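*Asks:* Supplied in structure tokens, the structure appears directly below.
The values are calculated or read from the model by the stated rules, or taken from the named source; none is laboratory data. Please read these numbers as outputs of a predicted model, since none were measured by experiment. For neighbour counting, all protein chains shown are included, and Cβ atoms are generated from backbone atoms with ideal geometry for every residue, glycine included. Just the protein is used for accessible areas: all its heavy atoms, side chains included, with ligands, DNA and RNA removed. Shrake-Rupley method; radii C 1.70, N 1.55, O 1.52, S 1.80 Å.
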Amino acid sequence: MTDTTLASAAERRKLVRAGLARRHLGERLFRLFGIVAICLALGFVALLFTDVLRKGIPAFTQANLRLEVTFDPEVLNVDPAPVRAAGQSDADYRSQRLAWERQVAMLNWNTVIEAALRRAAPEGFEIDSRQLLTIPESDARHRVRQAFVENPGLLGQTVTIDVLGSANTDNWAKGNINRDLGDAQQQLSAPARALIDIFEENGTITQGFAWSLFTNVDSRSAPASAGLLGALMGTFWMMLIVIVLAVPLGVGSAIYLEEFAPKSRLTDLIEVNINNLAAVPSIVFGLLGAAVFINWFRLPLSAPLAGGLVLTLMTLPTIIIATRAALKGVSPALRQAALGMGASKTQMVFHHVLPVTFPSILTATIIGVAQAMGETAPLLLIGMNAFVASVPGTPLDQATALPVQIFLWQGNENRNFFEPRTSAAIMVLLAFMITLNAIAIFLRSRLEKRA
Amino acid sequence: MNTFIVAGLLIVLLGLAYQLGWSKSRALSTANGVRVHSRGQYHGTLVALWTLVPVVLFLAIWAFFSPGVTHWYTVSLLPTEVLTGLDQLGLNAQLQRIRDLASGFGVTGEVQPFEQAAGENLARFQLLSFLIMLAAAAGLGVLGLTLARRRISPRLRARNEVERAISVLLIACSAVAIFTTVGIVASLVTEAFRFFTYINPLDFFFGTVWAPRFSSTGTGDAGQYGLLPLLTGTLMISAIAMLVAVPVGLMAAIYLNQYAHANVRKIVKPIIEILAGIPTIVYGFFALVTVGPFLRDFGNAVGLSISATSALTAGLVMGVMIIPFISSLSDDILNQVPRTLRDGAYGLGATQSETIRNVLLPAALPGIVGAFLLAVSRAIGETMIVVLAAGNAPILRGNPLEPVSTITVSIVNQLTGDTDFTGPQSLVAFALGLTLFIMTLCLNIVALYIVRRFREQYE
């Protein structure tokens, strides 16, 4: 009896020992898989950020041309600017002024710029005008003209004006283009390329911070001057609408459902609804916006108002769910104490419960807003991908948004120039996201300590 | 300008109402030593509410009707002989001239006598109607204020009334969620139904060719609207995404949950969660300019023909996007498995990995399956990555190395920048949207059901 048990115990031990190496190997392998998975995930994060940074940073500098522009009266043959006569109506004055500006616009500004470029070039450099004018950005003449429109007294004078280098100039100066390619594959002619090199040496072309990225709106004809200002303002208006609408609606709704709602069919329905809305694909919200806000209510197409409303509806479930979780977390003792002191239910909620949950609600709100800020698909359906070359002054003006601008730029055929541009825009967007999230984390830690 | 005047006056009126209500309540409570039911601020708020509600209602009605009335009045100012000679465009231009004259901005060119007169009349009319509106709004506000103030007595249950108003407001907030769902379902169903009046639903759901005309090319030919190529593309990309996300996400969650040192976990977890916060357009761009070309070159090196934009590219990057989703949900679910189960396994001599594989994972399985379903629903509804990186080739085929198209891509293509829902070309977007909505809804409901059911198991 004892023998058999002993034997079987020894046998079992042997069996276990025999399997031990295999089991330990399995353990190590499993652990290794875990580490590999973590490394893969971290590697993706690292790869994505380094890729965007590596591509985007060069786009923050831009080739600038410093030109000595002479406003030659012989070329600029124009009437003096109109002066407002007494008793003239606003409309009359404006039309007179516009007529004058039209006349100014008709002048041959290219000649002025060409003269300035030739002055900067070395004596006797051979290049024809068409090739020469590919060096500055095509909006250079607007800049010079604008300087004149703002100050007609410049006629006959010579002043220094900074203009942007064209996208091709920028690419060449930065070395984004393979310099060994044949003439046929180069965007710029050989003399133009040589002249750019000379300009770089004599200081006419400098690489400066690309302020135009933040101070200009998108542009089709002058890609180097295309900027994000319009998209930033569009995003600003939309986020304003989201904050003004989604936060009170979401918090109010969460308070009702968590604190006041009786358990009924209706409130159950609302609850299921909200959970489902949180998981509805964003593009479906775009369809809702297109059908309801644009087609039925006739809100203006491509306006931040419609975009903001769509994003509000999208963000609401996030805020409601987070606020409810925060309200649920408040200890019952606090509620009972408030009620016990004679507070009404409303007083209990608004005076005691809500202030305690404030940090969590704020954090959830900021994260919800950050999510809404990065959303692209629903905005495409309500026309926010239209080309807009103005800064929206109100939520009713045509506008685009930062992520949509990224979408528009990535599709530009001038890839050499626009891939860095798009990465730069992505960096701006990610910077906003990271800032918002950092604020959320900071506020939470700060406020929770005090509470 | 006028809006600011009205808003400013409204604020002043509200402040006044609150102050008057409050002061009367205060006078009551101090004067004769009676016990007043509610405190001063409730009386103030109640009076302010009584002032606010009628004024806002009146302003809303005014804003609705006044443009029409003004237009009708301006038209009536025009002499009949001018009116008969104008078409719609000319009439609008003429009305704009008169409005410009009325605003004092003036017009270009010679001002005709009738224009001058009409402009002056319109200016007078506008001023008058503004004053009427202001007076009526103020009158209503003051009326509400006095009525409410007169009601104030020691026995008035002002607090209860204010609280009832607050709860009505809160209910209205909650209703927005319902309205949103109703709006989604109503718009999808009505427009999809209109689409099915053009195209037989059988052809839509079982058609194998997707060759729509784009909405801008007119309605000459209806085109073919077979869902199957899009559906296979969608499912293929989702499957690839899950093949990436599930092993990585799950193993990452297990490692962080069971093996990792608390400090490592504290650092690594938020870094992985960064992936969830990155906008999808960024992933799309990354897929298009980095991952796609890399895969193509890799394919060339090993003798495979991989398109730069393909189901594989989109699926891989989408998988990366979903990793944090799976890892956080799995982490939560693993946390909920009771310690005693694990300790029991250890007590029997199991190694850590055996415990995880044979005890922890089976116990957490329903919850993890729920998380996978939620992730699949996310992958199916994802748009920007596939718009940029899937290649938009709506052809029925099974090779993941070739470009495909998805439901979401087609919605974007059919509806971008166009909201003239007259032909099947744009209406098909709603039929696609409805399909997508129902698919994701089913997945979500099943997933939520499984997750909930499982969570209650150990309580």
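*Asks:* Tally time: how many residues in segment B:4-63 are surrounded by 14 or more Cβ atoms within 10 Å (Cβ to Cβ) and part of a loop (DSSP other than H, G, I, E, B)?
*Replies:* Counting residues in segment B:4-63 that are surrounded by 14 or more Cβ atoms within 10 Å (Cβ to Cβ) and part of a loop (DSSP other than H, G, I, E, B) gives 4.
*Asks:* Still on this structure: Pull out all pairs, ordered by first then second residue, where Cβ-Cβ is under 7 Å, the residues are six or more apart or on different chains, the first lies in segment B:360-388 and is within 8 Å of another protein chain (Cβ to nearest Cβ) and on the phi > 0 side of the Ramachandran plot, and the second is surrounded by fewer than 21 Cβ atoms within 10 Å (Cβ to Cβ) and not in a helix (DSSP H, G or I).
*Replies:* Short answer, once both residue conditions are applied: none.
*Asks:* So, one more: Six or more apart or on different chains, Cβ under 9 Å: which pairs go from a residue in segment A:170-183 that's of a type in the set (K, R) to one that's part of a helix (DSSP H, G or I) and open to solvent by less than 60 Å² (accessible area, probe 1.4 Å)? Could you list them?
*Replies:* Here the result reads A:K174/A:P58; A:K174/A:P420; A:R179/A:W172; A:R179/A:R193, each pair linking segment A:170-183 to a residue that is part of a helix (DSSP H, G or I) and open to solvent by less than 60 Å² (accessible area, probe 1.4 Å).
Table: residues versus (1) in contact with a Cys (Cβ under 8 Å, 6 or more places away or on another chain); (2) without any contact (Cβ under 8 Å) to a residue 60 or more places away in the chain; (3) within 23 Å of A:G393 (Cβ to Cβ).
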{"residue": "A:G230", "(1), (2), (3)": "no, no, yes"}
{"residue": "A:T235", "(1), (2), (3)": "no, no, yes"}
{"residue": "A:V242", "(1), (2), (3)": "no, no, yes"}
{"residue": "A:G250", "(1), (2), (3)": "yes, no, no"}
{"residue": "A:V272", "(1), (2), (3)": "no, yes, no"}
{"residue": "A:A279", "(1), (2), (3)": "no, yes, no"}
{"residue": "A:I294", "(1), (2), (3)": "no, no, yes"}
{"residue": "A:L305", "(1), (2), (3)": "no, no, yes"}
{"residue": "A:G308", "(1), (2), (3)": "no, no, yes"}
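*Asks:* What are the residues in segment A:375-403 that are surrounded by 21 or more Cβ atoms within 10 Å (Cβ to Cβ) and either touching a His at 6+ places or on another chain (Cβ under 8 Å) or facing another protein chain (nearest Cβ under 8 Å) (or both), if any?
*Replies:* A:E375, A:T376, A:A377, A:L380, A:L381, A:I382, A:G383, A:N385, A:P403, listed by residue number.
*Asks:* Output the number of residues of segment A:362-378 satisfying the condition of being in a helix (DSSP H, G or I) and not aliphatic (A, V, I, L, M).
*Replies:* The total comes to 5.
*Asks:* Sticking with this structure for a sec: Need the failing condition index for B:A314 against (1) within 30 Å of A:L47 (Cα to Cα); (2) open to solvent by 10 Å² or more (accessible area, probe 1.4 Å), just the number.
*Replies:* (2)
*Asks:* Mind listing whichever residues of segment A:293-305 are within 10 Å of chain B (Cβ to nearest Cβ) and under 16 Å from B:T416 (Cα atoms)?
*Replies:* Within segment A:293-305, A:F293, A:I294, A:N295, A:L301, A:S302 qualify.
*Asks:* Considering only segment A:295-315, state which residues are more than 21 Å from A:N275 (Cα to Cα) and either outside any helix (DSSP H, G or I) or open to solvent by 10 Å² or more (accessible area, probe 1.4 Å) (or both).
*Replies:* A:N295, A:W296, A:F297, A:R298, A:L299, A:P300, A:L301, A:S302, A:A303, A:L305, listed by residue number.
*Asks:* Among what's in segment B:182-206 and is open to solvent by less than 70 Å² (accessible area, probe 1.4 Å) and touching a Pro at 6+ places or on another chain (Cβ under 7 Å), pick the residue that is farthest from A:I270 (Cα to Cα).
*Replies:* B:I199
*Asks:* Can you report the number of residues in segment A:223-266 which are open to solvent by 20 Å² or more (accessible area, probe 1.4 Å) and not in a helix (DSSP H, G or I)?
*Replies:* Total satisfying the criteria: 4.
Yes/no per residue for (1) polar (S, T, N, Q); (2) within 19 Å of B:L388 (Cβ to Cβ):
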residue: A:T346; (1), (2): yes, no
residue: A:H351; (1), (2): no, no
residue: A:V369; (1), (2): no, no
residue: A:E375; (1), (2): no, yes
residue: A:I382; (1), (2): no, no
residue: A:V391; (1), (2): no, no
residue: A:T394; (1), (2): yes, no
residue: A:V404; (1), (2): no, yes
residue: A:A440; (1), (2): no, no
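*Asks:* Which condition from (1) closer than 18 Å to B:A276 by Cβ; (2) open to solvent by less than 40 Å² (accessible area, probe 1.4 Å); (3) under 25 Å from the mean Cα position of the chain (by Cα) is the one that B:S327 breaks?
*Replies:* All conditions are met except number (3).
*Asks:* From B:L373, B:L396, grab the single residue that is over 20 Å from the mean Cα position of the chain (by Cα), outside any helix (DSSP H, G or I) and either closer than 29 Å to B:T313 by Cβ or acidic (D, E) (or both).
*Replies:* Of B:L373, B:L396, the one residue that is over 20 Å from the mean Cα position of the chain (by Cα), outside any helix (DSSP H, G or I) and either closer than 29 Å to B:T313 by Cβ or acidic (D, E) (or both) is B:L396.
*Asks:* Okay, next question. Among B:L147, B:L156, which is the only one that is open to solvent by 60 Å² or more (accessible area, probe 1.4 Å) and more than 12 Å from chain A (Cβ to nearest Cβ)?
*Replies:* That would be B:L147, the only listed residue that is open to solvent by 60 Å² or more (accessible area, probe 1.4 Å) and more than 12 Å from chain A (Cβ to nearest Cβ).
*Asks:* If you don't mind, another one. Restricting segment A:46-102 to residues that are within 30 Å of B:T280 (Cβ to Cβ) and β-branched (V, I, T), which is surrounded by the most Cβ atoms within 10 Å (Cβ to Cβ)?
*Replies:* A:V52
*Asks:* Continuing with the same structure: Kindly list, by first and then second residue, each pair from a residue in segment A:329-348 that is free of Cβ contacts under 8 Å to residues at least 12 places away in the same chain to a residue that is basic (K, R), limited to pairs with Cβ atoms under 8 Å and residues at least 6 apart or on different chains.
*Replies:* The qualifying pairs are A:L339/A:K345; A:S344/B:R159.
*Asks:* Sticking with this structure for a sec: Check off (1) crowded, with 20+ Cβ neighbours inside 10 Å; (2) within 30 Å of A:P281 (Cα to Cα); (3) not basic (K, R) for A:L362 and give me the number that stays unchecked.
*Replies:* Result: A:L362 passes all but (1).
*Asks:* Which of the residues belonging to segment B:316-360 are assigned to a helix (DSSP H, G or I), over 30 Å from B:G381 (Cβ atoms) and β-branched (V, I, T)?
*Replies:* Correct list: B:T340, B:T355, B:I356, B:V359.
*Asks:* Which members of segment B:246-268 meet the condition of being touching a residue at least 40 places away in the same chain (Cβ under 8 Å) and at the interface with chain A (Cβ under 10 Å from one of its Cβ atoms)?
*Replies:* B:V248, B:G249, B:L250, B:A252, B:A253, B:I254, B:L256, B:N257, B:Q258, B:Y259
*Asks:* Within segment A:21-45, which residues are farther than 21 Å from B:L250 by Cα and either of a type in the set (A, V, I, L, M, F, W, C) or open to solvent by 70 Å² or more (accessible area, probe 1.4 Å) (or both)?
*Replies:* Scanning segment A:21-45 gives A:A21, A:R22, A:H24.
*Asks:* Do we have any residue at all in segment B:109-121 that's part of a helix (DSSP H, G or I) and of a type in the set (F, W, Y)?
*Replies:* yes
*Asks:* Further, regarding this structure: When you go through B:F430, B:F437, B:F372 one by one, which is the residue that is open to solvent by less than 10 Å² (accessible area, probe 1.4 Å) and at pLDDT 90 or above?
*Replies:* Going through B:F430, B:F437, B:F372 in turn, the sole match is B:F430.
*Asks:* With the requirement that a residue be modelled with pLDDT of 90 or more and surrounded by fewer than 19 Cβ atoms within 10 Å (Cβ to Cβ), what does segment B:207-230 give you?
*Replies:* Result: B:L228, single match.
*Asks:* Moving on to the next point. Going by what's in this entry, would A:V83 be described as assigned to a loop (DSSP other than H, G, I, E, B), free of Cβ contacts under 8 Å to residues at least 60 places away in the same chain and β-branched (V, I, T)?
*Replies:* For A:V83, the condition - assigned to a loop (DSSP other than H, G, I, E, B), free of Cβ contacts under 8 Å to residues at least 60 places away in the same chain and β-branched (V, I, T) - is met.
*Asks:* Test of understanding: among B:I407, B:I411, B:I445, which residue is at the interface with another protein chain (Cβ under 10 Å from one of its Cβ atoms) and surrounded by fewer than 17 Cβ atoms within 10 Å (Cβ to Cβ)?
*Replies:* B:I445
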